[in-house]
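Nothing in this text is a laboratory measurement; each read-out follows from the coordinates by a stated rule. None of the values given here were measured: they were computed from a predicted structure. Here Cβ is always computed from backbone atoms with ideal geometry, including for glycine, and neighbour counts include all displayed protein chains.
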Amino acid sequence: MIEVNHLVKIYKSKKKQVIGVDNVSLSIKEGEIYGIIGYSGAGKSSLLRCLNLLERPTSGEVKIDGVDLTALTSKELRKARQKIGMIFQHFYLASSKTVYENIAFALKAAGKSPKEIDKRVKELLELVGLADKIHQYPAQLSGGQKQRVGIARALANDPKVLLCDEATSALDPKTTKSILNLLKSINKKLGLTIVLITHEMEVVKEICHRLAVMQDGKVIEEGPVYDIFANPVEPLTRDFIQSVLQFDLPQQLIENRKGTIIKIQFKGAIAEESVVSELFQTFKVKGNILHGKIEYIQEVPLGIFIMELTGEIPEIERAIQYIQDRTQNMEVVEHVA
Ligand SMILES: Nc1ncnc2c1ncn2[C@@H]1O[C@H](COP(=O)(O)OP(=O)(O)OP(=O)(O)O)[C@@H](O)[C@H]1O
């Protein structure tokens, strides 16, 4: 659906040049929600804006449905852009126009008749749950409602792709969740491909299928969200995951313990099995859970437990082997002989 090949974006001024995107190649599948995460200045906006050529890449290709956007004439590009909707952190609604007029504007620009426009605006407002706000002005709406208008406007001309530029960053957590749920349901209902940039792992965890982590203009890690949560490779990726799943115990707490401290990660179906309770039935060890959490990522459980085991050393060793065999993912944090 979206192919990005060796994309480079360099901003040049008289005095210096800044690299926004540094040789990024990506492939985003049709119907997928694809997240791009990174700290401020990592190059997320530059990359996203190159996907619809709001920024023209310095070099490289952006193909949507096999068509290289960088090779189109401006007329062809205007047409191609109708298939790529975009929503923004600060909504960018026209303050002097009603909700109806804000959405109708996008349809008028695409040459639709007044009758078609009327029908479509009403359909879109139903879809985003704002039918009762049709004649309100943006100033009369909450942030979440404004973003719903932004989404309706972006969907007006039946795009195949929706680009979301920090679409929930200006919203409180509850409103963020409701906008993410709306995006999720649109993705399912319309089969829309969604690309979103964010600096919040919580957003990624909530709705993305795949993820790219950006740093200094480069994609440093990429893959299915579950796999990245379960096995982050790069330190920056671990940092982002820590913000959602606190895996580590304070060193002071570990130092005050007398037993062997182990960290177990349960992935997928095993997270729902009774490995821990079977452990205590099978071996003469005592266990003290110091930390435990199960998160659901794409509805698949990912569990983390940090436990202190006490008892005879050979029995602890057998217990550790048992957990290792069952989970294939266990680490001894502190071994106390
Ligand atoms: N129009 C521009 N002119 C010059 N430099 C730019 C321009 N836009 C972005 N940059 C630079 O490119 C780099 C990447 O910026 P970009 O906005 O893409 O990052 P980001 O990850 O989206 O950050 P943020 O989350 O703060 O928006 C930064 O060093 C930035 O200063």
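Partner lysines whose Cα lies under 20 Å from the Cα of residue 112, excluding those fewer than 8 positions away in the same chain, are identified as 75, 79, 83, 97, 122, 160. Here the stretch 122-199 is treated as a sphere whose radius is the Kirkwood value from Cα pairs; by Stokes-Einstein at 25 °C and 0.890 mPa s it diffuses with a coefficient of 191 µm²/s. One way to sum up the overall shape of the stretch 1-92 is the equivalent ellipsoid from its Cα gyration tensor, whose semi-axes run 21, 17, 14 Å, largest first. For the stretch 210-337, the spherically averaged projection of the C-alpha convex hull amounts to 8.4 nm².
Trypsin sites (Lys or Arg not before Pro) within the stretch 277-337: which are DSSP loop residues with at most 13 other Cβ atoms inside 10 Å? Walk me through the intermediate numbers first.
Values: sites: 284, 286, 293, 318, 326; in loops: 284.
Qualifying residues, ordered by number: 284.
Pairs 29/108; 205/293; 263/286; 9/63; 63/205: which exceed 25 Å Cα-Cα?
The answer is 29/108; 63/205.
Treating only the Cα positions of the stretch 122-264 as identical point scatterers, give the base-10 log of I(q)/I(0) from the Debye formula at each q in 0.12, 0.17, 0.22 Å⁻¹. Treating every Cα as an identical point scatterer, log10 I(q)/I(0) equals -0.62, -1.00, -1.38.
Using square roots of five times the C-alpha gyration tensor eigenvalues, list the equivalent-ellipsoid semi-axes of the stretch 96-158 in whole Å, biggest first.
On the way: eigenvalues 65, 25, 20 Å².
Working through the eigenvalues yields semi-axes of 18, 11, 10 Å.
Here's the picture: charge each Lys and Arg Cβ at +1 and each Asp and Glu Cβ at -1 in the chain, and of 85, 209, 18 the one pushed furthest to the positive end of that dipole is 85. Please report, to two decimal places, log10 I(q)/I(0) for the chain at q = 0.10 Å⁻¹ as given by the Debye formula with identical point scatterers on the Cα atoms and no solvent. The computed values of log10 I(q)/I(0) come out as -0.70. A simple rule links phi to the HN-Hα coupling: the Karplus curve 6.51 cos²θ - 1.76 cosθ + 1.60 with θ = phi - 60°, which for the stretch 205-221 gives 4, 5, 10, 7, 8, 10, 9, 10, 9, 10, 8, 6, x, 10, 8, 9, 7 Hz, with x for Gly and Pro.
Distance between the C-alpha centers of the stretch 258-310 and the stretch 1-54? Whole Å please. Centre-to-centre distance over Cα atoms comes out at 40 Å.
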